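Nothing in this text is a laboratory measurement; each read-out follows from the coordinates by a stated rule. Since we're looking at a predicted model, the values are computed, not measured. We place every Cβ from the backbone using ideal geometry, glycine too, and count neighbours over all the protein chains shown.
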Amino acid sequence: MTAALYLGLISGTSVDGIDVALATFNRKPKLLASLAYPYPTRLRERILALAQGDGRIALDDLGALDVEVARAFAAAAGRLLQREDIAADAIRALGSHGQTVRHRPLGAAPYTLQVGDPNVIAELTGITTVADFRRRDIAAGGHGAPLAPAFHAAMLARAGGTRIVLNLGGIANITILPADAKKPLRGFDTGPASCLLDAWSERHLDRPFDKNGAFAASGHVDATLLARLLSDPYFSAPPPKSTGREVFHLSWLQAHLRGLALAPRDVQATLVALTALSIADAVRAQARDAREVFVCGGGVHNPVLMAALAEALAPLPIASVATLGLDPDFVEAMTFAWLARERLENRPVENVYTVTGARGPRVLGGVYFGKS
């Protein structure tokens, strides 16, 4: 029997483009093809302005952004299928995470907002689209994030020792895969990974990211600034917890820089230390029995950040998920391809509620049928 094909698409908090994964899920998930599709420059600027600003936007502008992001997602899917010479009707479903522009899981009326209208994606691609994965979990009392731990458990759990899967996107999150399969799955956002590093680099270098960590490597960690940053109550809050650019943005950083006269390179070096130490603190607080750490996400390509993590997590061994045969850049996109499959099978995502704090397992996502 031919394995069903699924597409997974996501643009994360880094807003560096749309990751597309073509995957199958038989006995073992398999990535068949992948693509990183850049946003048009002006669209990326508008997303960032909304995601890390004060949240004020005209209703017409929000509606237009929802459609334009969806068109970009559809174009990304089409580009990969064209390159691989695969017809749209060969794809059983497309799982679209969309683009998060606000995440407020706490408060009297908790919500999360992802733009990228799935109706538009389904219409333009002709592929049945599954989207809006997070809001049902929030309705059930959860954080709606992170969702990747459920996929990590399906792919990477093993007997013999507790394993950590660390995702270094714009925000860092960890999955704690227990050695005993009877114990609950756990995971949470630890705080910023690349979002502040990228934003600071863009401000001072006019580049979207710090290539190879060279900017950070040229500076020195400032102990005063680091202590101020780590004093944010998010870091000491217990899980379940999740966060995003609406908390960790340049205005947050500027508030902690008040009264300090630091070279930009020293700030960048300190932001690397913030990411590494906040992750290490989270692992030690919540997974003292961890035996190994495997890393995915764009931050895995930053050697300065990886070296800082290795030092902060020592003596735990740390390695890319590539050593397990996975492409570290497309694990999250594969997650949403897998979630699309689970939704079409009407299966609740059994173990994600122990991560998010929801009242129990829920079927996640809405289905928007394609043309066929």
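Distance from the C-alpha centroid of region 259-299 to that of region 311-372: 23 Å, rounded to the whole angstrom. By the scheme Lys and Arg +1, Asp and Glu -1, what is the net charge of all other residues having a beta-carbon under 15 Å from that of ALA276? That sum, taken over residues with Cβ under 15 Å, equals -3. Reported to the nearest whole Å, the Cα centre-to-centre distance from region 195-210 to region 149-167 is 31. Applying 1/(1 + (r/R0)^6) with R0 = 35 Å to the Cβ-Cβ distance of GLU84 and GLU292 gives a FRET efficiency near 0.55. Rounded if a/c is under 1.5, else prolate if a/b is larger than b/c, else oblate: which is region 41-146, with a ≥ b ≥ c the root eigenvalues of its Cα gyration tensor? Verdict is oblate for region 41-146.
Across region 148-324, the mean sequence separation of Cα contacts (distance under 8 Å, 6 or more residues apart), normalised by length, yields a relative contact order of 27 percent. Evaluating 6.51 cos²θ - 1.76 cosθ + 1.60 at θ = phi - 60° for every residue in region 31-48, the Karplus couplings come out as 8, 8, 7, 8, 7, 9, 10, x, 5, x, 3, 5, 5, 4, 4, 5, 5, 4 Hz, glycine and proline recorded as x. Positive end of the dipole of region 148-324 (Cβ unit charges, origin at the Cα centre): among HIS220, LEU185, SER236, the Cα lying farthest that way belongs to LEU185.
The label point for GLN254 and the one for ARG359, both projected 7 Å from the Cα toward the Cβ, are 4.2 nm apart. For region 90-107, backbone phi angles converted through the Karplus equation (6.51, -1.76, 1.60; θ = phi - 60°) give residue-by-residue couplings of 7, 9, 5, 7, 10, x, 10, 6, x, 10, 5, 10, 6, 9, 10, x, 10, x Hz, Gly and Pro being listed as x. Per-residue ellipticity at 222 nm computed for the chain from its helices equals -11500 deg cm²/dmol, with DSSP H segments shorter than 4 residues left out and the rest contributing -39,500 (n - 2.57). Protection proxy ranking for 226-239, 146-159, using the average of other Cβ atoms within 10 Å per residue and placing the highest first: 146-159, 226-239.
In terms of packing, defined here as the mean over residues of other Cβ atoms within 10 angstrom, the peptides 337-350, 64-77, 358-371 line up highest first as 64-77, 337-350, 358-371. With the cut-off at 25 Å, report for region 148-324 the share of all Cα pairs above it, as a whole percent. For region 148-324, the fraction of Cα-Cα distances above 25 Å is 30 percent. Only the Cβ atoms of Lys and Arg (+1) and of Asp and Glu (-1) were treated as charged; on that basis the dipole of the chain about its Cα centre amounts to roughly 860 debye. Once the chain from GLU311 to ARG203 is taken as fully extended at 0.36 nm per residue, the excess over their C-alpha distance is 36.1 nm. Listed peptides 194-206, 121-133 appear in the order 121-133, 194-206 once ranked by packing, highest mean of other Cβ atoms within 10 Å at the front.
Looking at the chain alone, DSSP beta bridges between its own residues are antiparallel in about 65 percent of cases. Putting +1 on Lys and Arg Cβ atoms and -1 on Asp and Glu Cβ atoms, find which of TYR111, GLY160, VAL293 reaches farthest to the positive end of the dipole of the chain. Projecting each Cα onto the dipole axis, the largest value belongs to GLY160. Normalising the average separation of contacting C-alpha pairs (under 8 angstrom, six or more residues apart) by the number of residues puts the relative contact order of the chain at 23 percent.
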